[in-house]
Structures are given as C-alpha cells and as structure tokens.
Amino acid sequence: MSDCLFCRIAAGSIPSQKVYEDDEMLVFRDIAPARPVHVLLIPRKHIASLASVTPEDAPLLGRMLARANAIAIAAGSPDGFRLIINTGWIGGQEVPHLHLHIIGGPNPVGPMLKRSEE
Ligand code: 5GP
Ligand code: ZN
C-alpha cells in the first residue's frame with residue numbers, strides 16, 4: 001500500500017467525499033475548504049507535483065483541465081472558479097501528489113494574492 005495520502009484516497013483506503021471519478025482522475029472535497037466550493041482534482045497516477053510531470057503526462061493534464069469547468073458547475077460554482085496548483089515548497093505544496101484546487105461558490109473568490117514587499 002502506498003504511503004501517499006492522495007493515492008490512498010484514490011484507492012479508497014482513506015475515505016473522502018467524492019464528487020467525480022473516472023478511470024484516470026478523481027475529485028473530492030477538501031477537508032478544510034477555503035471557500036464554499038473547494039474540491040481537489042487529482043490524477044490516479046502518482047505524480048508528485050507539476051515539477052515532475054513528463055511529456056507523456058501532458059494529455060492527462062489536458063483532460064484534467066478540460067474537466068474543471070464541469071466539476072465546478074456540478075460542485076456549485078456555475079459562474080466561474082479559480083484553479084490553484086501549489087508546487088514545491090516555494091508554492092506551499094503540502095501534499096506531494098499533484099492536485100488542482102478548484103475553488104469557488106456563489107460569491108467572488110477575491111484577490112489572487114496579497115502583494116508582498118519583495
Ligand atoms: P496543498 O497545500 O498541498 O496544495 O493542498 C493540500 C490540500 O489537501 C489542503 O487544502 C488540505 O486541506 C487538503 N487535505 C489534506 N489532507 C486531506 C485529507 O485527508 N482529506 C482531504 N479531503 N483533503 C485533505
Ligand atoms: Zn500519490
């Protein structure tokens with residue numbers, strides 16, 4: 001059994017609130033949602049982050065992106081959403097299995113990032 005948290009969620013050995021799944025990807029609710037709609041779209045294949053994708057992964061990544069709007073609508077964000085892909089420690093990635101945060105809800109998500117001094 002993998003010791004990767006999201007591989008275990010994909011395998012069903014750790015429970016999650018799934019909102020979509022097919023043979024190559026899975027979408028489930030974030031355990032600590034930042035907005036009313038906050039789901040995580042992951043590939044079933046273990047890819048640690050965007051920093052470790054290969055050219056062979058590009059079609060899968062394309063299908064994940066192409067699925068995001070339908071997921072957002074089904075999850076309750078019909079008029080747009082924000083995708084976030086934290087990558088590596090600079091990006092604040094906490095779980096080392098590639099995931100797209102799909103964030104939205106009835107109200108605007110808000111400013112993208114606060115501007116820092118540096
Ligand atoms: P990251 O910081 O790696 O981009 O985002 C990881 C996300 O996974 C966080 O938003 C966090 O709330 C979520 N998360 C962490 N552990 C679990 C879990 O066990 N189940 C679910 N559904 N989400 C989790
Ligand atoms: Zn994994």
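The values are calculated or read from the model by the stated rules, or taken from the named source; none is laboratory data. Worth saying up front: this structure is predicted, and the values here are computed from it rather than measured. Positions of Cβ are generated from backbone atoms using ideal geometry, with glycine treated the same way; all protein chains shown enter the neighbour counts. What goes into the accessible areas is simple: the full protein's heavy atoms, side chains included, and nothing from ligands, DNA or RNA. Shrake-Rupley method; radii C 1.70, N 1.55, O 1.52, S 1.80 Å.
Label-to-label distance for Ser2 and Asn69 is 2.9 nm, based on points extended 7 Å past Cα in the beta-carbon direction. A simple count of charges around Gly12, restricted to other residues whose Cβ falls under 12 Å of its Cβ and scoring Lys, Arg +1 and Asp, Glu -1, yields +2. Region 21-57 and region 61-118 have their alpha-carbon centroids 10 Å apart. A full extension of the chain between Gln17 and Met112 corresponds to an added length of 31.5 nm, given 0.36 nm per residue minus the alpha carbon distance.
Charged side chains reduced to their Cβ positions (Lys and Arg at +1, Asp and Glu at -1) give the chain a dipole of some 260 debye around its Cα centre.
Between Met64, Phe28, Ser13, the Cα set farthest toward the positive side of the dipole of the chain (charges on each charged residue's Cβ, about the Cα centre) is that of Phe28. Per residue, the accessible area of region 13-118 comes to 64 Å² when a 1.4 Å probe rolls over the protein heavy atoms.
Here the relative contact order of the chain, from alpha carbon pairs under 8 Å that lie six or more residues apart, stands at 28 percent.
Here the label points at Ser52 and Ala34, each 7 Å from Cα along the C-beta direction, are separated by 2.3 nm in the simple model.
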